[in-house]
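Scroll down for the structure; my scribbles are underneath it.
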Amino acid sequence: MNLSQIRRYRRRNRTLPRMVANNPLLIMGLDFPFVVVGATGLKNAVAFSVEMLFIHLFTMIVAYLIAPKLKIWQRVFATTIVSTVVMVFSRELVLMLIPDIENYAGMYLYLMALNGVTLFQANFLSKEAKLPKVMVSAMLNIVVFALTMTVVSVIREYLGTGTLWGIPVPSFARMEGVRAPFFGFILMGMLIALGRFINRKLTGFAIIDNMRRESTAAAEQPQG
Amino acid sequence: MQLKKSNPPYITHGDSTRSMMFNVILVLLMLYGMAIFFYGPRALVLGGVGAFSAVMTEWLINFLFRRIKPKIHDLSPWVTGLLIPLMLPATVPFRVPVVAAIFGISVAKLPFGGTGHNVFNPAAAGYAFAVTSFSSDIIFRYPQPLTMIPVWNTSGVSLYPGASFSMSIGGVPGTGIVYTALGNTPGPMGATHILVLLAGLVFLMSRRTIRWQIPVSFLATTTLIGFIFRRIPVTRLYSAAYENMTGLLLFGAIFMLGDPVTTPKRSWAKVAYAVVTAIIVMVFRHVGKVQESFTFALLLMNATVWGFDMGLEHIAKLVRRRKYESVADTKVS
């Protein structure tokens, strides 16, 4: 079977599968606590996403610089210290943006310093990794994190309290249970399933596309 | 012996899944008849809303994901949709059974593969979601029986706490044991008709829609626990009777605990499963804060069904092996 079409198709659509299907948040379940417990309102989503932007980006840069020089156990300490320091500064920025965020996000605002995606990716960064690739990967992780947080938060805030960013909006039914962690797990599971569905469809379309081209080419070939 | 690979429910007699579901619907319609007698036509409208929501959710999700051909004649979503309103008060807003049915079908049933594959009972999951989502004033306050409730505006209807609440605070239900047995007491609109429920249980067991091991072991255990550990200041016999007749215990034992898809396969596993479920239900009743804890205990136990199946299968293998070894020893000697 000629797979060149599939390869080309996947190369064209590389960003989406990487964002959705190959993402550590959606596939490996890292950062679940923030999504499951923390993502109960749009304010929380924005606060966590801003923190993630700074923490992840700076920690990955530091990890790239120290990766060839330190052993893994030394890197664990170094990256944790860096992410904690960045968290302190990013928290101040978040407090400037949303002054009452500590009432909503609570300790999760501080726990972002130890978020699983950052620590996992920073500590297991390859010594041969190139900076542009590291940065692109980090940005994709941040975008997926922000998107996931926003989707989960909007659904839970709208269904749970009938508001968006604290502003009342018309709603069909207010369901307090939606803000409970169990519903966060359910929503997260559905998002993961959606990611897998999109990935499967992309691959499926590529295969169908390829088969169609092959059959057309075979039909157009002169007989004998 | 030819082995066939198939999905549960595993039926070894002349019935089909459809006929089993039809039997359950027959009993549920009897309960709806009682609910209409006690509360007026609103009970029927609630049932229709619940059933319609469940069927449409199942059809829509199957249609969207094209996993299996959408089938309206599959009666299992009808059962789920009819069960949910019967666990709620007759004054409940229409949005509650709608949300519960949608949750039960779209979260507890279809993601696991649909009919025959679900790990959790969809009706129990939907009800549990409604309990956690809506305020207890909506879910746990009931109208007085023989009150004609308007279909649309229920704001003028007086609501009272149910017998479960009285028992949870150590009080004896005010209506007495005879009225409680006749269903003439505030409670979920389908779960208070004890005599009808018992008739339904006998019917379903005689039709082999539910196996006798589960409800009998379950009710025997709850009776025993109610007899030994009293929550209310009455005689031991009355305590056991009240425990079985209040709340969703009997209703759940018939329609949700006996669900053939979410129960173990072997007879002894069914007995063990029912006994452990009964113990957990009674523990929740004694120490829990939620009035109707049956569904939570059931969902907890639904997750352990595979363990009962595996454990009892292992024991059965050991017993078989011992038997063969003893026969072989006898032949050698």
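Among B:Phe22, B:Phe37, which is the only one that is surrounded by fewer than 17 Cβ atoms within 10 Å (Cβ to Cβ), at pLDDT 90 or above and not in a loop (DSSP other than H, G, I, E, B)? Can you show your working first?
Values: B:Phe22 fails: at pLDDT 90 or above.
Going through B:Phe22, B:Phe37 in turn, the sole match is B:Phe37.
Is it the case that A:Thr59 is hydroxyl-bearing (Ser, Thr, Tyr) and closer than 30 Å to A:Gly177 by Cα? If you could, list the steps in order and put the result at the bottom.
Numbers: hydroxyl-bearing (Ser, Thr, Tyr): yes; closer than 30 Å to A:Gly177 by Cα: no.
Against the criterion (hydroxyl-bearing (Ser, Thr, Tyr) and closer than 30 Å to A:Gly177 by Cα), A:Thr59 does not qualify.
Could you please let me know if A:Pro170 is within 14 Å of chain B (Cβ to nearest Cβ), in contact (Cβ under 8 Å) with a residue 60 or more places away in the chain and out of contact with any Ser or Thr (no Cβ under 6 Å at 6 or more places or on another chain)? Spell out the reasoning first.
Values: within 14 Å of chain B (Cβ to nearest Cβ): yes; in contact (Cβ under 8 Å) with a residue 60 or more places away in the chain: no; out of contact with any Ser or Thr (no Cβ under 6 Å at 6 or more places or on another chain): yes.
Against the criterion (within 14 Å of chain B (Cβ to nearest Cβ), in contact (Cβ under 8 Å) with a residue 60 or more places away in the chain and out of contact with any Ser or Thr (no Cβ under 6 Å at 6 or more places or on another chain)), A:Pro170 does not qualify.
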Out of A:Arg7, A:Arg11, sole residue that is within 23 Å of the chain's Cα centre (by Cα) and either surrounded by fewer than 16 Cβ atoms within 10 Å (Cβ to Cβ) or modelled with pLDDT of 85 or more (or both): A:Arg11
If a residue has to be more than 19 Å from B:Tyr142 (Cβ to Cβ), of a type outside the set (Ser, Thr, Tyr) and not in a loop (DSSP other than H, G, I, E, B) to count, how many in the range B:196-235 make the cut? 20
Going by the conditions given, is A:Val94 in a helix (DSSP H, G or I), within 20 Å of A:Val35 (Cα to Cα) and either free of Cβ contacts under 8 Å to residues at least 60 places away in the same chain or of a type in the set (A, V, I, L, M, F, W, C) (or both)? yes
Hey, B:Gly183 hits all of (1) in contact with a His (Cβ under 6 Å, 6 or more places away or on another chain); (2) within 14 Å of another protein chain (Cβ to nearest Cβ) but one; which does it fall short on? (2)
Among the residues of the range A:178-191, which ones are within 11 Å of another protein chain (Cβ to nearest Cβ) and either outside any helix (DSSP H, G or I) or farther than 17 Å from A:Leu42 by Cα (or both)? A:Ala180, A:Phe182, A:Phe185, A:Ile186, A:Gly189, A:Met190
Of all residues in the range B:147-195, which are within 17 Å of B:Met87 (Cα to Cα), of a type in the set (Ser, Thr, Tyr) and not in a helix (DSSP H, G or I)? B:Tyr160, B:Thr185, B:Thr192
Kindly list the number of the only condition in (1) out of contact with any His (no Cβ under 6 Å at 6 or more places or on another chain); (2) part of a helix (DSSP H, G or I) that fails for A:Thr118. (1)
Is one or more of the residues making up the range B:106-121 in contact (Cβ under 8 Å) with a residue 60 or more places away in the chain, buried (at least 21 other Cβ atoms within 10 Å of the Cβ), part of a helix (DSSP H, G or I) and on the phi < 0 side of the Ramachandran plot? no
Among the numbered criteria (1) within 14 Å of another protein chain (Cβ to nearest Cβ); (2) surrounded by 19 or more Cβ atoms within 10 Å (Cβ to Cβ); (3) in contact with a Ser or Thr (Cβ under 8 Å, 6 or more places away or on another chain), which one does A:Thr118 miss? (1)
Just to be sure I understand, how many residues within the range A:146-167 are within 14 Å of chain B (Cβ to nearest Cβ), surrounded by fewer than 18 Cβ atoms within 10 Å (Cβ to Cβ) and at pLDDT 90 or above? 1
Flagged pairs (Cβ under 7 angstrom, 6 or more apart or on separate chains; first in the range B:306-333, free of Cβ contacts under 8 Å to residues at least 60 places away in the same chain and closer than 25 Å to B:Ala272 by Cβ; second in a helix (DSSP H, G or I) and not small (Gly, Ala, Ser)) are B:Phe308/B:Tyr273; B:Leu312/B:Trp268
Residue check for A:Ala138: crowded, with 18+ Cβ neighbours inside 10 Å, in a helix (DSSP H, G or I) and more than 14 Å from chain B (Cβ to nearest Cβ): yes
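Which of the residues spanning the range B:106-146 are among the small types (Gly, Ala, Ser), within 19 Å of B:Leu83 (Cα to Cα) and more than 12 Å from every other protein chain (Cβ to nearest Cβ)? Let's see the steps before the verdict.
Here is the first cut: in the range B:106-146, the residues among the small types (Gly, Ala, Ser) are B:106, B:108, B:113-114, B:116, B:123-126, B:128, B:130, B:133, B:135-136.
Retained after the next criterion (residues that are within 19 Å of B:Leu83 (Cα to Cα)): B:106, B:108, B:114, B:116, B:123-126, B:128, B:130, B:133.
Correct list: B:Gly114, B:Gly116, B:Ala123, B:Ala124.
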With (1) within 11 Å of another protein chain (Cβ to nearest Cβ); (2) of a type in the set (D, E, K, R); (3) touching a residue at least 12 places away in the same chain (Cβ under 8 Å) as the list, and B:Arg95 as the residue in question, which single condition is left unmet? (3)
Considering only the range B:110-168, how many residues are within 19 Å of the chain's Cα centre (by Cα) and under 27 Å from B:Lys289 (Cβ atoms)? 19
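Determine, yes or no, whether B:Ala199 is modelled with pLDDT of 90 or more and either surrounded by fewer than 22 Cβ atoms within 10 Å (Cβ to Cβ) or over 24 Å from B:Ile279 (Cα atoms) (or both).
Criteria met by B:Ala199.
The values are calculated or read from the model by the stated rules, or taken from the named source; none is laboratory data. A quick note: this is a predicted structure, and the numbers were derived from the prediction, not measured. Don't worry about glycine lacking a Cβ; one is built from the backbone with ideal geometry, like all the others, and counts go over all protein chains shown.
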